[in-house]
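For reference, the structure is listed below as C-alpha cells.
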Amino acid sequence: MNILNHQQSATERRRKNVVRIGIGTVSIVVLSIMALFPPYQSITPSGPYKIVTARHTYIDPNRIEEFNDSGENRKVNAVFWFPDNAKDGKNFPLVVFSHGGLGTEDSNESLYLELASHGYVVASIGHPYHAFWTEDEGGRITFVNINYFQELQQENAQHDKPGSYRYYQQWMETRMGDINFVIDTILDEASNDSDGVYNLVDVTKIGVMGHSLGGSAALGIPRQRDDVDVVIALESPFLYDITGVEYDEFVWIDEPYPVPVLNIYSDSSWGHLSDWTQYARNYEFLIDAPENVFSLHLPGRGHFSMTDLSLASPLLTRLFEGGQTSRDREGYLREINLACLEFFDRYLKNIDRVQEMKR
C-alpha cells in the first residue's frame, strides 16, 4: 500500500469530517435561530397615510460618553416613522419613544407604524449602551454595556432601596438626557426649516412615551420641560418621582403630575402595584386618580407582549413571561396600539383641551 496515498486519504477523511461537523453546527445554529425568530406577518397599520422611515444620529455637545474611555461626546440614534406627505404640506404632532431596559429602537414598530399612518411623526430613540443593540446612521452597531446589564440584574427595590435609588438616578439621567436632547434637536431642525422629516413636525404638539424603563424616563420628562403635552407609559414605574430614601422607604416628589398621562399595564405588574415599592406612585394614581391620570389594564399577556418581541419571537416571549397566555399576540398589540392612538388623538391633537388641563 502506498504510504503517501494512505496519508492523503486520512487527511481527506479528516477534512471531510471537519466540514460535516461545521455544516452540522451551522445547521443547528440556523435552526435554533429560526425556532427563536420564525418568520412573521407584520401588523398592517390602519391609517390613511403611507409611511416613510429615516435614521439619524445626533452628537450631544454637552455630554461626554460615560460608557467608554474615548472622551468623545455622546451619540444618540433616532429612527423616524412619519407620513409620506409630499402633496398636502401638513404638520403633524411629534411622539418620541424610549425603549425598555434591554430594548431596541424598533421594539414597538407596529405601534410606530400605526401612529404614523394616522398622522404622527414618531421618533424612536436607540439609547447607546442601554439598548441591546442600536445602529447609527452609518451602520455602526453599539451593543449593551455589560456593567449596565449587570445593574439591571442586581437591582432589587424590595431588599436594597438605597442601591435601587442610585441605579434609578443613573438610568434616568442617561435616558432623560437622551430624550431631552433628541426633542431639542428636532425642534431646532424644524425651526431652521431643515429638509426631510423636520419639515413635517408641529413643534407645538409633543408627546413622549416608552416601555418599561423607557416609560419611566418618559414619565419624568414633563417634570423638566413645559413643551411636552402628554405621556404614555407601557408598564413603567414613576422612577423620576423618587427623590430619596428615608427609614427604608422611598420618598416621592410632592407635586401634581403636570400633563395627561396614560399608564398601560399587563398581567405582569397589575397584581403587584400595591406591593412593588417602586410602583407606589402608580398605585396611588390608581386608587385616587387625578383627573389627568388614567390607568388601563389589558389582561391575558405579560410585560414583553407589550412590544413586538411577541411577533418576532413567540418562544422567547413565553419563556420571559413564564408560560402560556390567553390572548393572541396580534390582537393584544392591536389593542395597545389602538389605546395609544386614541389617547394621543384626544389629548395631543386636541391641544386646546390639553392646555385647559394644564391650567
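The values are calculated or read from the model by the stated rules, or taken from the named source; none is laboratory data. Quick caveat, the model's predicted, so the values are computed rather than measured. All Cβ positions, glycine included, derive from the backbone under ideal geometry; neighbour counts span all protein chains shown. Only protein heavy atoms, including side chains, enter the accessible area calculation; ligands, DNA and RNA are left aside. Shrake-Rupley method; radii C 1.70, N 1.55, O 1.52, S 1.80 Å.
Does N108 satisfy being among the polar types (S, T, N, Q), at pLDDT 95 or above, closer than 21 Å to I232 by Cα and out of contact with any Lys or Arg (no Cβ under 8 Å at 6 or more places or on another chain)? Against the criterion (among the polar types (S, T, N, Q), at pLDDT 95 or above, closer than 21 Å to I232 by Cα and out of contact with any Lys or Arg (no Cβ under 8 Å at 6 or more places or on another chain)), N108 qualifies. Here E330 meets the list (1) part of a loop (DSSP other than H, G, I, E, B); (2) over 19 Å from G215 (Cα atoms); (3) open to solvent by less than 70 Å² (accessible area, probe 1.4 Å) almost entirely, failing just condition (1).
Condition check: among the aromatic types (F, W, Y) and out of contact with any Asp or Glu (no Cβ under 8 Å at 6 or more places or on another chain). Does Y165 satisfy that? Here the answer is yes, as Y165 does meet what is asked.
Filtering the range 228-287 to residues that are in contact with a Gly (Cβ under 8 Å, 6 or more places away or on another chain) and of a type in the set (A, V, I, L, M) leaves V228, V230, V231, I232, A233, L234, L239, V251.
The rows are residues; the columns are (1) at pLDDT 95 or above; (2) open to solvent by 30 Å² or more (accessible area, probe 1.4 Å); (3) under 20 Å from V52 (Cα atoms).
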| residue | (1), (2), (3) |
| --- | --- |
| D178 | yes, no, no |
| S191 | no, yes, no |
| D195 | no, yes, yes |
| D202 | yes, yes, yes |
| S216 | yes, no, no |
| G220 | yes, no, no |
| I232 | yes, no, no |
| P237 | yes, no, no |
| G244 | yes, no, no |
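Helices (runs of 4 or more DSSP H) fully within the range 225-323 that include at least 2 residues being under 23 Å from the mean Cα position of the chain (by Cα) and in contact (Cβ under 8 Å) with a residue 40 or more places away in the chain: 280-287, 309-312, 314-321.
Across the range 58-105, the qualifying residues are those that are open to solvent by 10 Å² or more (accessible area, probe 1.4 Å) and of a type in the set (G, A, S), and the one among them that is modelled with the lowest pLDDT is A86.
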